[in-house]
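What follows is a single structure, written as structure tokens, with notes after it.
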Amino acid sequence: MRIAFDLNPILINRFSGFYTYGIGLLQGFEALDKKPEVLLFHSNRFSEQARLVKKRLGHWAHLRATSIKIRWLENLWRYCNYPCLQHFTDEFDIYHSPHHLMPPTKNKPRILTIHDLRRYKIPQLYPKSKLDLFELALKRADHFIAVSNATKNDLCSLFSISDEKVDVVYPAAGAVFKPLSEFEKQKIKKQLAEETGTPMDNYMVVFSSPDRRKNISRVIKAFILAQSRLPDNFKLVVVGNLPRNEDIFKLITSKIGRAHV
């Protein structure tokens, strides 16, 4: 099996889900006994970053750079089916995009991974989104991978895509993750207690980012409302960057009480 893979979104979005997904997928290939041959298609301007990714992979992974800007190619591919992707990558059996690049492939099947459809479900949070290239990719893809059943349902209902054309493949934990022993858990709790200045016996963890869709302010407000029904010293631990919202910091400093961020 020879796979052409769009590496560009992984190289561009270094601290994003695209990077985590793409690197995790490639590391998964590395762990297989029988590895596919993968052609990593990317823009020449990201060649240094691509070489760093390649260093972590085996002989089965091959870099394929184009000196033509991907954006120019994508605009050209809107209107014509030339040049085919094989012109840049050599021959392959299947093409996989984790973003929305959907080039002509001389009748080779094209797979598109859909991570979520938040720009359609909550458009008020993304008023400046440009979705034409994504929608063109949807029309051209032969098959889809959805990262959850919810995403599959959204995809099929919003774009009238046949259920048979979408497979749900849940993202797996990376190889670095492993179950901790009870001793290791207690050691980490002790370290956290020393860093925060408070015991870490009962707590709930949520993950945050500056993106408002994470809805961290509502999580904090719900925690405040529920505090009277929670055990003593129950804490809310927010991991990641908080949204740029002064109201959240006011909640934390004036009302959060037993929650620690």
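The values are calculated or read from the model by the stated rules, or taken from the named source; none is laboratory data. Computed from a predicted structure; not experimentally measured. Cβ: placed from backbone, ideal geometry, glycine included. Neighbour counts: every protein chain shown. When the accessible area is computed, the model is the full protein with side chains, heavy atoms only, and any ligands, DNA or RNA have been set aside. Shrake-Rupley method; radii C 1.70, N 1.55, O 1.52, S 1.80 Å.
Exceedance of the 26 Å cut-off in Cα-Cα distance is limited, within the set Lys108/Lys128; Lys185/Lys235; Lys69/Lys128; Lys69/Lys121; Lys35/Lys178; Lys106/Lys139, to Lys108/Lys128; Lys69/Lys121. Amide H contacts for Tyr203 (H built 1.01 Å from N in the peptide plane; partners 5 or more residues away or on another chain; cut-off under 5 Å): Lys235.
Converting phi to 3J(HN,Hα) with the Karplus coefficients 6.51, -1.76 and 1.60 and the offset θ = phi - 60°, the stretch 199-215 yields x, 10, 8, 10, 7, 10, 10, 10, 10, 10, 7, x, 5, 5, 5, 5, 6 Hz in sequence order, with x at every glycine or proline.
Accessible area per residue for the chain, computed on protein heavy atoms with a 1.4 Å probe, is 62 Å². Estimated at 0.36 nm per residue, the fully extended path between Arg229 and Lys106 surpasses their Cα-Cα distance by 38.1 nm. Using Cβ point charges alone (K and R +1, D and E -1), the dipole size of the stretch 97-256 about the Cα centre works out to roughly 400 debye.
Taking amide H positions as modeled 1.01 Å from N, with prolines and chain starts lacking one, the residues under 5 Å from Ile94 and 5 or more places away or on another chain are Arg2, Ala4.
Given +1 at the Cβ of Lys and Arg, -1 at the Cβ of Asp and Glu and no other charges, the dipole of the stretch 1-93 around its Cα centre is 360 debye to the nearest 20. Within the same chain, aspartates and glutamates fewer than 8 places from Lys189 are excluded, and of the rest, those with a Cα less than 13 Å from its Cα are Asp201.
Of the labelled options [x] 19.5; [y] 21.4; [z] 20.8, which one gives Kirkwood radius over Cα pairs in Å as computed for this structure? Answer by label: [y]. Highest average first, the peptides 138-144, 237-243 ordered by how many other beta carbon atoms sit within 10 Å of their residues are 138-144, 237-243.
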